[in-house]
Amino acid sequence: MYELFLYLLSETALNFLQLMTPKMIFCSEKSINVMLNAIKKQNCNPMIVIFGKHVDAVSFSDILKNCNNAEITNFHYIELDDIKKTACILHTSGTTGTLKGVELSNYAMLTLMQHHWIHITNVPSLWFSSLFWLSGIMMNFNGIMQSTKAIIYPEFDENMTCQLIEKYKVILFILRIL
């Protein structure tokens, strides 16, 4: 059964790479080998940023550690010439067939963020939605914008979730669909 799961996961990753040509891919230690295999099959060369460590990827924590004060002070965003350009590509669940990429524009992202659909400023929060889903993107953006205290745990486990809620006095948590 696990071999079937890995096969479907690798086919999904390959499908995504055939749909688009990403410049950068963010992934976890659990998914890195699947992504590397798909990249090799598709013969493309995106930068891989990993939340963790892997010899064939750039560690996100290393990126953050390597910023110096001058870089932080001089950081500036890129001016957009068209706010309706794509900000990110999310993926459908594939309910009615093959997974597809869904583009969200900068405008759509800003509109969603302006509505403050959830208030998490200074609220201990825990969520398991990955960046694969809109809820994961929105929770992370809201967390940054509202300076929330977020608990990031690599995978859902009932007992650990209860321990985290109790230990950190979590007020808000969002579970993902399994």
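Can you name every residue in segment 7-21 that is out of contact with any strand residue (DSSP E or B) (no Cβ under 8 Å at 6 or more places or on another chain) and more than 21 Å from S129 (Cα to Cα)?
Across segment 7-21, the qualifying residues are Y7, E11, L14, N15, L17, Q18, T21.
Within segment 51-58, is even one residue surrounded by 15 or more Cβ atoms within 10 Å (Cβ to Cβ), among the hydrophobic types (A, V, I, L, M, F, W, C) and touching a His at 6+ places or on another chain (Cβ under 7 Å)?
For segment 51-58, residues surrounded by 15 or more Cβ atoms within 10 Å (Cβ to Cβ), among the hydrophobic types (A, V, I, L, M, F, W, C) and touching a His at 6+ places or on another chain (Cβ under 7 Å): absent.
Per-residue answers, yes or no, for (1) touching a Phe, Trp or Tyr at 6+ places or on another chain (Cβ under 6 Å); (2) hydrophobic (A, V, I, L, M, F, W, C):
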{"residue": "N45", "(1), (2)": "no, no"}
{"residue": "D62", "(1), (2)": "no, no"}
{"residue": "I83", "(1), (2)": "yes, yes"}
{"residue": "K100", "(1), (2)": "no, no"}
{"residue": "I118", "(1), (2)": "no, yes"}
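Residue by residue, here is whether (1) surrounded by fewer than 12 Cβ atoms within 10 Å (Cβ to Cβ); (2) modelled with pLDDT under 80; (3) of a type in the set (S, T, Y) holds:
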position	(1), (2), (3)
D82	yes, no, no
T86	no, no, yes
N122	yes, no, no
E155	yes, yes, no
T161	no, no, yes
L164	no, no, no
K169	yes, no, no
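Can you name every one of the helices (runs of 4 or more DSSP H) wholly within segment 1-92 that holds 1 or more residues which are farther than 23 Å from Y153 by Cα, in contact with a Ser or Thr (Cβ under 7 Å, 6 or more places away or on another chain) and outside the structural domain of Y107 (by TED's automatic domain parsing)? Please lay out each step first, then the result.
Details: elements: 2-19, 32-42, 60-65, 69-74.
Filter on segment 1-92 gives 2-19, 32-42.
Determine which member of the set A57, A38, A70 is in contact with a strand residue (DSSP E or B) (Cβ under 6 Å, 6 or more places away or on another chain), of a type in the set (A, V, I, L, M, F, W, C), over 18 Å from F141 (Cβ atoms) and without any contact (Cβ under 8 Å) to a residue 60 or more places away in the chain. Break it down into steps so the answer makes sense when it comes.
Numbers: A38 fails: in contact with a strand residue (DSSP E or B) (Cβ under 6 Å, 6 or more places away or on another chain); A70 fails: in contact with a strand residue (DSSP E or B) (Cβ under 6 Å, 6 or more places away or on another chain).
Only one candidate passes the filter, namely A57.
Would you check if K40 is loosely packed, with under 13 Cβ neighbours inside 10 Å, farther than 22 Å from L131 by Cα and not polar (S, T, N, Q)? Before you say what the answer is, go through the steps one by one.
Values: loosely packed, with under 13 Cβ neighbours inside 10 Å: yes; farther than 22 Å from L131 by Cα: yes; not polar (S, T, N, Q): yes.
The answer is yes for K40.
Do the conditions hold for T98, that is, is it at pLDDT below 80, exposed (fewer than 14 other Cβ atoms within 10 Å of the Cβ), not hydrophobic (A, V, I, L, M, F, W, C) and not in a helix (DSSP H, G or I)?
Values: at pLDDT below 80: yes; exposed (fewer than 14 other Cβ atoms within 10 Å of the Cβ): yes; not hydrophobic (A, V, I, L, M, F, W, C): yes; not in a helix (DSSP H, G or I): yes.
Yes; evaluated as a whole, the condition is true for this residue.
Which one of H91, H54 is at pLDDT 85 or above and closer than 21 Å to A13 by Cα? Quick ask: steps written out before the conclusion?
Details: H91 fails: at pLDDT 85 or above.
Residue meeting the stated conditions: H54.
The values are calculated or read from the model by the stated rules, or taken from the named source; none is laboratory data. Every value quoted in this text rests on a predicted model; they were computed, and no experiment measured them. Using ideal geometry, Cβ is built from the backbone for each residue, glycine included, and neighbour counts are taken over all protein chains shown.
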